[in-house]
Amino acid sequence: MVDDQTLAIGVGAAGLIDAEAHEILMSSAIPDQRAISLQPIYEVAAKCPLVLANDMQALAIRWMLTHRAEISQDVLLVGFVDGSMGAAMLIEGKPNRGCVMACNELGHTRMPVETDRCYCGQTGCLEVICSTSFLRRNGLPKEHTLQSILSMEERFPSLDRMLELLATGIANSVNFVRPHRLVLVSNLLRYEKFSVPLTRQIRGMLLSELADRVRIDLWDQPAFQSAETAGWAALANLYTDAWEPTTMTTSGDKEKVAAKT
Ligand SMILES: [Zn+2]
């Protein structure tokens, strides 16, 4: 696909990525935990700018670019589906670097409640709380799921408990980061039975000085890991210098750099 018309290439991946070594170190997509090299993609890209991003960070910049948001703002994006959660923090529109490229692991923030064991090895993780298995553990009959009860009139105490814990985890992270915007991303937000109490409780748990200042945006985007999202990360490189490409340096380039210095 790489030709003269290609402006840039975006690569998005879940998990922990070593951007300098061009390797995915760990990801739920590679259960045997061995590092996977991205070098073949860099070799195909050659000198075409290649923007490497964690998939949740790419989703955050996609949201910024498609929702007329101030690109220089701080945004905390929290995405979740039944049993899975990821978050991304952009500071002035840039992904926060940290010691390794990854999303912000809000899903493994732990609460002192009994849950099934998370794939990370612990219990009480927020992403396991936001799941059908947690609702069933708290009395939801087996024939129902998290999504199926959201279109029902009936009230479920297990859902109230889940929403309270989810709001607590998200509100704590907002108080910690104090972003301009909190963006919640989930297909579950289509249901008022879910979105209204969740946002009300999050606001209620924010510091009062923050509650008036932090915007809460809802995005019922259904799919996280799409190729289009990675493409938006590549476009971000054209609109802002906050998303720099990590294009492979060829040996010829290295010689030129050495000659300049
Ligand atoms: Zn976990």
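Among the residues of the range 90-112, those that are away from the ligand (no atom under 16 Å from the Cβ) and surrounded by 23 or more Cβ atoms within 10 Å (Cβ to Cβ) comprise 90, 95. Could you please let me know if residue 179 is surrounded by fewer than 19 Cβ atoms within 10 Å (Cβ to Cβ), out of contact with any Ser or Thr (no Cβ under 8 Å at 6 or more places or on another chain) and at pLDDT 95 or above? Judged against the criteria, residue 179 is not a match. Would you be able to say whether some residue in the range 36-54 is polar (S, T, N, Q), crowded, with 16+ Cβ neighbours inside 10 Å and within 20 Å of residue 234 (Cβ to Cβ)? Yes, there is a match, as at least one residue in the range 36-54 is polar (S, T, N, Q), crowded, with 16+ Cβ neighbours inside 10 Å and within 20 Å of residue 234 (Cβ to Cβ).
Checking 115, 132 one by one, the residue that is free of Cβ contacts under 8 Å to residues at least 60 places away in the same chain, within 12 Å of the ligand (Cβ to nearest atom) and among the hydroxyl-bearing types (Ser, Thr, Tyr) is 115 and no other. Going by what's in this entry, would residue 139 be described as within 13 Å of the ligand (Cβ to nearest atom), of a type in the set (Gly, Ala, Ser) and either within 23 Å of the chain's Cα centre (by Cα) or farther than 26 Å from residue 24 by Cβ (or both)? Criteria not met by residue 139. One residue stands out among those in the range 21-51 that are part of a loop (DSSP other than H, G, I, E, B) and in contact (Cβ under 8 Å) with a residue 60 or more places away in the chain: the one that is nearest to residue 244 (Cα to Cα), which is 49.
The values are calculated or read from the model by the stated rules, or taken from the named source; none is laboratory data. Please read all numbers here as calculations on a predicted model, not as lab measurements. Don't worry about glycine lacking a Cβ; one is built from the backbone with ideal geometry, like all the others, and counts go over all protein chains shown.
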